[in-house]
Structures are given as C-alpha cells and as structure tokens.
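Written out below as structure tokens is the structure these notes cover.
The values are calculated or read from the model by the stated rules, or taken from the named source; none is laboratory data. What you see is a predicted model, and the numbers here were worked out from it, not measured in a lab. Neighbour counts run over all protein chains shown; Cβ positions are idealised from the backbone, glycine included. In case anyone asks, the SASA skips ligands and DNA or RNA and just uses the protein heavy atoms, side chains included. Shrake-Rupley method; radii C 1.70, N 1.55, O 1.52, S 1.80 Å.
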Amino acid sequence: MSAETLVSQLKRGLDAPICLTWELTYACNLQCVHCLSSSGQRDPRELSTAQAKAVIDELRDLQVFYINIGGGEPMIRRDFFDIIGHSIHNSIGVKFSTNGAYIDTDSARRLAAMDYLDIQISLDGTDAATNDAVRGAGSFDTAITAMENLRRANFGEFKISVVVTRHNVAQLDEFKSLADSYGAQLRITRLRPAGRGADTWHELHPTADQQVEIYRWLLAHGENVLTGDSFFHLNALGEPLPGLNLCGAGRVVCLIDPVGDVYACPFVLHDEFRAGSVLDPGGFTKVWRESTLFTSLREPESAGACASCGSYDACQGGCMAAKFFTGLPLDGPDPECVSGHGEELLSARTSSGIATAPKPTSNHSRPVSLTRKPARA
Amino acid sequence: MALTLQSACSLSPQVALRPEPFGALAYHYGNRRLVFLKHPDMVSVVKSLSDHPTIAATFDACGIANERRPSFLAALENLTKSEIISVG
C-alpha cells in the first residue's frame with residue numbers, strides 16, 4: 001500500500017486516536033501569554049481521580065499506546081503521580097508537559113524511577129528576558145532548576161519544548177545547544193492563536209521571512225528535532241518536512257479537557273469543536289467513533305479558495321485552528337500561508353471591518369488584581 | 001548487516017500491535033517509535049516471524065508470493081532499524 005493511501009485512510013479516521021492530549025487541570029502557577037487553554041484557575045468540575053482512572057481504563061481497552069498530558073500545570077494535581085502511575089501500569093505510556101515548578105529533588109527522583117514516561121519542559125527563550133516576557137517572571141530559572149534536578153536524578157533524555165515566536169526564532173541554534181548540553185531532545189512547535197494566544201498571536205507569530213528560516217532550519221535538522229508535525233503549512237516552501245502531512249483533528253488526534261470534554265484537537269478549545277464528554281453515556285469511545293463533529297471532520301474536505309493554488313497538496317491548507325481563531329474561513333488559506341494568501345485575506349477583512357474572530361469559549365485566567373505588586377527587578 | 005531471506009527474526013517483546021484497516025500500528029515502548037505496518041499481510045509476517053527459523057519460511061507460511069518478497073524484505077529491514085523486530 002502506498003503512502004498516499006495510508007494518508008487517505010488516516011483522513012477517514014481510525015477506531016481510536018493515535019495521539020491523544022489530555023489537559024489534566026486548568027490550574028497553573030503561570031499565566032503564559034500564549035496559553036492554548038487560557039489556564040490559571042482550577043475548574044471546580046475537574047474530573048475526580050476515579051473518573052480520570054476510568055478514562056485511562058477505556059483508553060487501555062482502545063489500545064491507545066501513549067497519552068500526552070498537559071494543563072494548566074498537571075503536576076499541581078495532588079493525584080498526579082496516582083494518575084500517571086495508573087496509566088503506565090496499564091501499558092499506556094505518558095508524556096507530560098510541565099513548566100518544571102514542581103520538579104524538585106524528590107519528585108525528580110520519583111519520575112526517574114518510572115518506565116514509559118517522557119517529560120517535556122516548556123521553555124520559550126534561551127535567556128530569562130526572552131522566556132519570561134512570554135511565560136512570566138522567574139519562569140526561566142524555574143525551568144532550568146527542573147532540568148538540573150532531572151539531570152541529577154539521572155532521569156535520562158527529557159525534552160525541551162519550545163513554542164516558536166518572532167522573538168525566539170533567532171535562538172533556534174542556542175535551543176539545540178542547550179538541549180544537547182542536557183542530553184535532552186529539542187521539540188519545537190508552532191504558535192497557535194488559541195486560548196490567550198488568540199490575543200497575542202498578532203504580535204508574537206513569526207514573520208514571513210522567519211517562517212522561511214524555520215523551514216530551512218527544520219530541513220537541516222531532520223528527525224533530530226521533534227515538531228509534533230506542527231509545521232506542515234511550511235511544506236509549500238519546497239521539500240516536505242518529516243512527518244505526516246495532514247491535519248489530524250478528530251481523525252487521529254483529539255483532546256480531553258480537565259472537565260472531560262472532548263475536542264477535535266488541542267488548539268480548538270471552543271464550543272464549535274467540542275464533540276462530547278467522556279462522562280456522556282458510551283464514554284470517550286462513543287464520542288470518538290460516533291460524534292457528529294468527528295464524523296464530519298473525516299469527510300473529504302474541500303480545498304475551497306485554495307483549490308486553484310498549486311501548493312495545496314503540499315500544505316493541505318494549513319491549520320484549522322489557526323484559521324478559526326483568526327476569523328478566516330476553514331476552507332481557505334492558513335493565516336501564515338507561505339504564499340501570503342492568508343495575510344492578504346486577513347488585511348482585506350480587517351480593512352472592510354468584517355474580521356470578527358471567534359473568542360475562546362472558556363477562560364480560566366486568574367483575575368487581574370489591581371493591588372498586585374509588580375515583580376521585583 | 002543486511003537482512004536476507006535466510007535471517008532469523010522476531011518481534012520485539014517491547015512492541016505492541018494495534019490492528020487497523022490499513023494493517024496495524026506498531027509501537028515500541030522502549031524507543032517510543034510508532035510505525036505503520038501498511039498491509040495486513042505485513043502484519044501476519046511480523047507476528048509469525050518467531051515461529052519460523054528463517055524469513056523465507058515465514059513468507060512460505062504466510063503465502064507471500066515470490067514477486068512480493070523483495071519489497072517485504074526491504075520493509076522488514078526498515079523494521080530492524082526502528083527495533084520493531086530484531087535479528088536472531
């Protein structure tokens with residue numbers, strides 16, 4: 001069977017996801033300006049330990065090999081080790097994303113003793129100034145301390161996960177050296193205009209020239225740098241990047257949020273892309289296999305406004321979430337289309353006053369207190 | 001070392017297979033690699049490798065016609081690189 005038919009099979013969806021993200025909590029010690037889930041405060045309806053374990057049992061029966069756990073800051077949950085232990089014990093590997101605040105000496109040792117566990121430390125700059133501008137004061141030092149603790153505990157190869165912005169594109173080589181110095185693996189992903197990122201995307205997303213720089217850098221580093229296949233819109237620049245060239249939303253990918261709602265992908269936490277809940281009768285399995293939303297995402301998509309563009313086969317029209325949250329039609333170009341079609345459309349819509357981008361449905365940001373003391377210099 | 005029809009192979013004990021319409025997904029819990037087995041016949045071959053002394057014997061048992069053997073052998077070679085199967 002050729003690779004092409006494999007891709008068309010994947011587009012029609014599988015009986016179970018290949019890659020499932022599970023945000024365990026909306027609680028977070030940080031308030032990153034690009035947070036996809038607008039995290040900050042815990043949602044009181046958060047799944048209980050027993051409910052979370054029941055979801056894991058269901059994923060085991062579906063033969064999901066591994067889950068990507070995130071948040072919020074997942075380690076804030078008191079039952080964090082209990083939940084990931086239950087998953088690993090059921091042969092579901094865990095990869096979790098953290099800002100590192102809770103990886104002290106003891107928890108680093110505990111994590112190092114577990115099999116089938118991967119850790120991604122989020123870092124958005126190779127210096128405190130660049131990183132903290134996005135992730136908050138002190139977050140750079142916190143991440144470095146966590147990495148030191150993992151190294152001392154002999155955790156082995158962890159991952160450093162970077163969201164590429166216009167302020168850190170120039171640091172890609174430095175990120176690679178930093179990762180190498182810890183024996184870590186570098187993972188870089190695309191900035192999405194989701195969650196609080198919907199408000200900051202216009203200032204933070206890489207420029208057109210920087211996109212070419214990212215593409216060349218990724219081609220040069222091949223499979224040594226992980227990307228979660230998030231840059232496939234850049235394939236229109238030439239030779240394809242490694243990975244599956246398709247939008248996996250609702251087909252091979254989905255997201256479970258902290259209250260058990262199931263969304264098509266981690267970047268579309270919005271009612272329009274909510275397929276159901278793990279607490280509904282039939283559970284996650286029924287949502288995945290039968291929900292109206294996921295079924296419709298598996299229908300052949302129309303190239304729409306991109307049909308006349310020779311690059312459509314290469315870029316597949318880009319990222320659904322990026323279009324949605326910038327107010328662009330889903331069957332048209334990505335806002336970061338490398339041929340500039342998205343940018344044209346965005347500015348045309350802005351100048352004609354019809355650009356109304358949907359707002360994320362839920363917001364868990366902490367309220368801003370007027371009495372909050374400024375961070376000390 | 002290049003794989004030949006006379007090599008003996010087996011599926012790694014760290015690998016889990018999930019049946020799919022196109023064949024199967026293979027996941028290696030050790031190196032975290034996810035590999036697509038793109039044909040149901042490939043899945044049968046991979047599953048029964050350890051029941052036979054050589055790859056040729058596995059192909060015989062799974063009814064893989066001679067003209068398909070070179071491409072199957074190449075696919076198996078790739079699976080040794082990702083450690084989904086091991087030689088010996």
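Data overview
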{"read-out": "Test result for A:Y116, aromatic (F, W, Y), surrounded by 15 or more Cβ atoms within 10 Å (Cβ to Cβ) and away from every other protein chain (no Cβ under 14 Å)", "value": "no"}
{"read-out": "Qualifying residue in the stretch A:45-64 (condition: away from chain B (no Cβ under 14 Å), basic (K, R) and either under 27 Å from A:S296 (Cα atoms) or open to solvent by 40 Å² or more (accessible area, probe 1.4 Å) (or both))", "value": "yes"}
{"read-out": "So A:A208, is it open to solvent by 20 Å² or more (accessible area, probe 1.4 Å), modelled with pLDDT of 95 or more, out of contact with any Gly (no Cβ under 6 Å at 6 or more places or on another chain) and more than 19 Å from A:L59 (Cα to Cα)", "value": "yes"}
{"read-out": "Residue tally, condition within 14 Å of chain B (Cβ to nearest Cβ) and out of contact with any helix residue (DSSP H, G or I) (no Cβ under 9 Å at 6 or more places or on another chain), over the stretch A:15-33", "value": "1"}
{"read-out": "Out of A:G238, A:G248, sole residue that is surrounded by 16 or more Cβ atoms within 10 Å (Cβ to Cβ) and either out of contact with any helix residue (DSSP H, G or I) (no Cβ under 7 Å at 6 or more places or on another chain) or modelled with pLDDT of 95 or more (or both)", "value": "A:G248"}
{"read-out": "Evaluation of A:C32 against (1) open to solvent by 10 Å² or more (accessible area, probe 1.4 Å); (2) within 13 Å of A:T21 (Cα to Cα) (one fails), failing number", "value": "(2)"}
{"read-out": "Residues of the stretch A:79-109 classified as among the hydroxyl-bearing types (S, T, Y), part of a helix (DSSP H, G or I) and away from every other protein chain (no Cβ under 14 Å), total", "value": "2"}
{"read-out": "Those strands (runs of 3 or more DSSP E) lying entirely in chain B with at least 1 residues touching a helix residue (DSSP H, G or I) at 6+ places or on another chain (Cβ under 8 Å), within 14 Å of chain A (Cβ to nearest Cβ) and within 28 Å of A:Y66 (Cα to Cα)", "value": "B:15-20, B:23-28, B:34-37"}
{"read-out": "Filter result for A:G317 (part of a loop (DSSP other than H, G, I, E, B), within 23 Å of A:L241 (Cα to Cα) and open to solvent by less than 30 Å² (accessible area, probe 1.4 Å))", "value": "yes"}
